[in-house]
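Enquirer: Quick one: the structure is below, questions incoming.
The values are calculated or read from the model by the stated rules, or taken from the named source; none is laboratory data. Not measured: the values here are computed from a predicted model. Methodologically, a virtual Cβ is constructed for each residue, glycine included, from the backbone with ideal geometry; neighbour enumeration extends over all protein chains shown.
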Amino acid sequence: MQVPNSFKLALLKQMLLGFQLSAVSSNSMSFHERKNAIKLSADAAMVFARGSTRWTRGLVASLSKNRNNEDLLRGILGKKYERLSLPCCNSWKIPRSRKILKRCLGLCSRRKKATGTQHDVKSSSTLARRLVKKRIQVLKKLLPGGDSMEGFSLLDQTLDYAVSLKAQVDVMRRLLKISKASNLNK
Amino acid sequence: MSSRRSRVSEEEINRLVSKLQSLLPETRQRGAGRASAAKLLKETCNYIRSLNRDVDDLSDRLSAIMATMDSSSAEAEMVRSLLRS
């Protein structure tokens, strides 16, 4: 799965805007200040390119927690900032999607009662279910805004986020490559 | 509860799961069938973590190089290069 070129272009443009706004090429910044400005620019640019969805709103919420970030966020997101700052509403579909997801992942036990001889089968599927539950908790922490998501939404947003992150990495990598080349040409 | 509605959703979920699998570097290589839910989740988490590490590492390297760069000409060059691809 890939994002369209227009996504990467928008990401690059806003990221460069972020660099300009935070004056990354000035000498007055420390290495860490510059790095943070770069990272923040990259994240805000990714949000801008993706538009409004649950994980982008989650990411804006967590980036906004640091007051120092507000100016740069507003500068990069422009008019989109207000819309992206709206709190996430909980989907009414949550209970059903969680059940359907679990069924598809083969996690629901079809038997209501288990006899003694079923003991081994039951414990291995119980373990599987517990492991999956644990890993879902981990995923929820990795995904921006993940805490309020369940089932289908969680996986769907995860895919969306991973694809966008990959694009962010690609753009940054390309930028680094070009920067090195242009530096050598001076 | 309409069973027809759930069947459509199951298709959606299967589609979603296979999209995820094709994205993940390890499960993509598997020839045989479908990864377990636990494995899928583990590799998804690992993938996201590794992408985050890449972003962090690239930020470090960009920070080192940006210090010595003239940003206005480099920007133009970069945008041109991306438009070319």
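Enquirer: Residues in the stretch A:147-160 that are in contact with a helix residue (DSSP H, G or I) (Cβ under 6 Å, 6 or more places away or on another chain), at pLDDT 95 or above and more than 7 Å from chain B (Cβ to nearest Cβ): how many?
Expert: The qualifying residues number 1.
Enquirer: Just to be sure before I move on: is A:Ala128 surrounded by 12 or more Cβ atoms within 10 Å (Cβ to Cβ), at pLDDT below 55 and not β-branched (Val, Ile, Thr) in the structure I sent?
Expert: Working: surrounded by 12 or more Cβ atoms within 10 Å (Cβ to Cβ): yes; at pLDDT below 55: no; not β-branched (Val, Ile, Thr): yes.
In short, no.
Enquirer: What about A:Leu165, is it at pLDDT 95 or above and at the interface with chain B (Cβ under 9 Å from one of its Cβ atoms)?
Expert: Criteria met by A:Leu165.
Enquirer: Considering the stretch A:159-186 alone, what residues qualify as being farther than 30 Å from B:Glu12 by Cβ, buried (at least 16 other Cβ atoms within 10 Å of the Cβ) and among the small types (Gly, Ala, Ser)?
Expert: A:Ser179, A:Ser182
Enquirer: Taking the stated definitions as given, is B:Met69 at pLDDT 65 or above and assigned to a loop (DSSP other than H, G, I, E, B)?
Expert: yes
Enquirer: Also, quick follow-up: Kindly establish whether A:Lys8 is farther than 21 Å from A:Tyr81 by Cβ, assigned to a helix (DSSP H, G or I) and within 11 Å of another protein chain (Cβ to nearest Cβ).
Expert: The answer is yes for A:Lys8.
Enquirer: Please enumerate the residues belonging to the stretch A:1-25 that are over 19 Å from A:Tyr161 (Cβ atoms) and basic (Lys, Arg).
Expert: A:Lys13
Each row is one residue, and each column tells you yes or no for (1) over 29 Å from B:Leu40 (Cα atoms); (2) facing chain B (nearest Cβ under 10 Å); (3) touching a strand residue (DSSP E or B) at 6+ places or on another chain (Cβ under 9 Å); (4) at pLDDT below 95.
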| position | (1), (2), (3), (4) |
| --- | --- |
| A:Phe19 | yes, yes, no, yes |
| A:Ser28 | yes, no, no, yes |
| A:Asp43 | no, yes, no, no |
| A:Gly51 | no, no, no, no |
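Enquirer: Can you confirm whether A:Met15 is of a type in the set (A, V, I, L, M, F, W, C) and either more than 19 Å from B:Leu51 (Cα to Cα) or not in a loop (DSSP other than H, G, I, E, B) (or both)?
Expert: Yes: the conditions hold for A:Met15.
Enquirer: Consider A:Val171 carefully, then state whether it is β-branched (Val, Ile, Thr) and either more than 7 Å from chain B (Cβ to nearest Cβ) or in contact with a strand residue (DSSP E or B) (Cβ under 9 Å, 6 or more places away or on another chain) (or both).
Expert: The answer is yes for A:Val171.
Enquirer: Here is a list of conditions, (1) modelled with pLDDT of 85 or more; (2) in a helix (DSSP H, G or I); (3) more than 10 Å from chain B (Cβ to nearest Cβ), and A:Pro95 meets all of them except one; can you say which number that is?
Expert: Tallying (1) modelled with pLDDT of 85 or more; (2) in a helix (DSSP H, G or I); (3) more than 10 Å from chain B (Cβ to nearest Cβ), A:Pro95 fails exactly one: (1).
Enquirer: Here is a further query. Based on what the data block shows, is B:Leu62 part of a helix (DSSP H, G or I), modelled with pLDDT of 90 or more and surrounded by 11 or more Cβ atoms within 10 Å (Cβ to Cβ)?
Expert: For B:Leu62, the condition - part of a helix (DSSP H, G or I), modelled with pLDDT of 90 or more and surrounded by 11 or more Cβ atoms within 10 Å (Cβ to Cβ) - is met.
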